Amino acid sequence: MHRKVLSLILLTLFLVCGAQAQSTQTETKDDDTNLETQLYMILGTNQDVTDSKIPSALDPVIKQLRASLPFKNYRLSGTLINRVKNEGKLELGWISATLTSLTDPAQPTTRSSFRMRQIKLARNNEGQSIVQVAGFMFSASIPIQSVAVAANNPPPPIFNYEGASLSTDISMREGEPVIVGTLNVGPTGDAIILVLAAKRTNK
C-alpha cells in the first residue's frame, strides 16, 4: 500500500513538473515575439507639392484624409521603422529637415521625439489579432520665422521654435495603418498627420 501511494505521489509530481516546463517553454516563445513598427509623418498643405509620392500601403489613409480634411495636397515628410519586443517599449529622438517647409531649404532643422510606453499583441472580441499601444507620445520643436522689418539691408531671418505634441493610447488591427492624430503647425495652416502601423516579424 505504501509503495502504491509513493508511486502515485511521484507520478503526480512528474506530471506537474512537466506541465510547468511546457508552460515555461510557451511563455519563453511568446516573449521572443518582435514587432515592426512604422510611423509615417504626412504633411497636409494647401501649397503646391513637387513630390507627392506616398507608399501604396497608405492609399486607404490618404483617401480617408481627403474625405475629412480640407487640404489640397499631401506629402510624406518622414518614415520611422523600428523593431520592438512584444510588450516592450520604444523611445527615440532625432533632428531632421523641417517637417513643414516645402520651398525654403535654408529653414532650420526640426527636433522631434517619439515614444511608446508599451506595445503588445492582443485579440479583440471577434478574435482578430490587434496591437495595443499604451503611452504613445510624439513631440516636435518646429522653427517658425519671425516677421522681418523692411530695410535696405535686411538681416538674416530669425526663427523661433514652437512646440507641438500629441499623447494618446490606441488599439489597431495588426499590419493596418491608422491615423493617430493631427497637429496644426506653422502660420501657413499646414498640418502634420501621424500614421502608425505595427506587425509581428520573425526577421
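The values are calculated or read from the model by the stated rules, or taken from the named source; none is laboratory data. On a predicted model such as this, the values are computed, not experimentally measured, just so you know. Neighbour counts are summed over all protein chains in view; Cβ atoms, including those assigned to glycine, are modelled from backbone coordinates with ideal geometry.
Some points to look at:
- Scanning region 181-203 for residues that are over 24 Å from Thr33 (Cα atoms) and either of a type in the set (Ser, Thr, Tyr) or outside any loop (DSSP other than H, G, I, E, B) (or both) returns Gly181, Thr182, Leu183, Asn184, Thr188, Ala191, Ile192, Ile193, Leu194.
- Restricting attention to region 66-120, the residues that are of a type in the set (Ser, Thr, Tyr) and either modelled with pLDDT of 85 or more or touching a Lys or Arg at 6+ places or on another chain (Cβ under 9 Å) (or both) total 7.
- Flag: Ile95 matches the condition of being aliphatic (A, V, I, L, M), exposed (fewer than 15 other Cβ atoms within 10 Å of the Cβ) and under 23 Å from Met137 (Cα atoms).
- Listed by first and then second residue, the pairs linking a residue in region 47-72 that is part of a loop (DSSP other than H, G, I, E, B) to a residue that is surrounded by 15 or more Cβ atoms within 10 Å (Cβ to Cβ) and among the small types (Gly, Ala, Ser), with Cβ atoms under 8 Å apart and 6 or more places separating them unless they lie on different chains, are Leu69/Gly44; Leu69/Ala191; Phe71/Gly44; Phe71/Ala191.
- Residue match in region 132-147 (condition: loosely packed, with under 13 Cβ neighbours inside 10 Å and modelled with pLDDT of 80 or more): no
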